[in-house]
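The values are calculated or read from the model by the stated rules, or taken from the named source; none is laboratory data. What you see is a predicted model; the values in this text were computed from it and never measured. Cβ placement follows ideal geometry from the backbone for every residue including glycine, while neighbour counts extend to all protein chains displayed.
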Amino acid sequence: MKKEGQVPEIRKMEVQERMREFQKERETKLITILKNRLRPFVEGETKQFVNWATAEAHELSKAGMFLFT
């Protein structure tokens, strides 16, 4: 995607800006996911939250074991 005659510093700045935009989008998505996952706890549905958190921890521990075996 290099434009002919484009100054390398300008290209670098454009790439950095796209990276910042991508990171901001990623953060926004993760915030939404976290809010949705915490909602049951905040709304007083602690049993539902604990069940989810326990299942999530179990899945993560399995993934960790797979990576280090």
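Do the conditions hold for Glu56, that is, is it surrounded by 10 or more Cβ atoms within 10 Å (Cβ to Cβ), in a helix (DSSP H, G or I) and at pLDDT 95 or above? I'd like the intermediate steps shown before the answer.
Details: surrounded by 10 or more Cβ atoms within 10 Å (Cβ to Cβ): yes; in a helix (DSSP H, G or I): yes; at pLDDT 95 or above: no.
In short, no.
Out of (1) at pLDDT below 95; (2) aliphatic (A, V, I, L, M); (3) under 18 Å from the mean Cα position of the chain (by Cα), what's the single condition that is false for Val7?
Evaluating Val7 over (1) at pLDDT below 95; (2) aliphatic (A, V, I, L, M); (3) under 18 Å from the mean Cα position of the chain (by Cα) leaves (3) as the failure.
Given the criteria of a type in the set (A, V, I, L, M) and at pLDDT 95 or above, does Ile31 qualify? If you could, list the steps in order and put the result at the bottom.
On the way: of a type in the set (A, V, I, L, M): yes; at pLDDT 95 or above: yes.
The answer is yes for Ile31.
List the pairs whose first member sits in segment 21-41 and is surrounded by 10 or more Cβ atoms within 10 Å (Cβ to Cβ), whose second member is polar (S, T, N, Q), and whose Cβ atoms are under 7 Å apart, counting only residues at least 6 apart or on separate chains?
Within 7 Å, the pairs are Pro40/Gln48.
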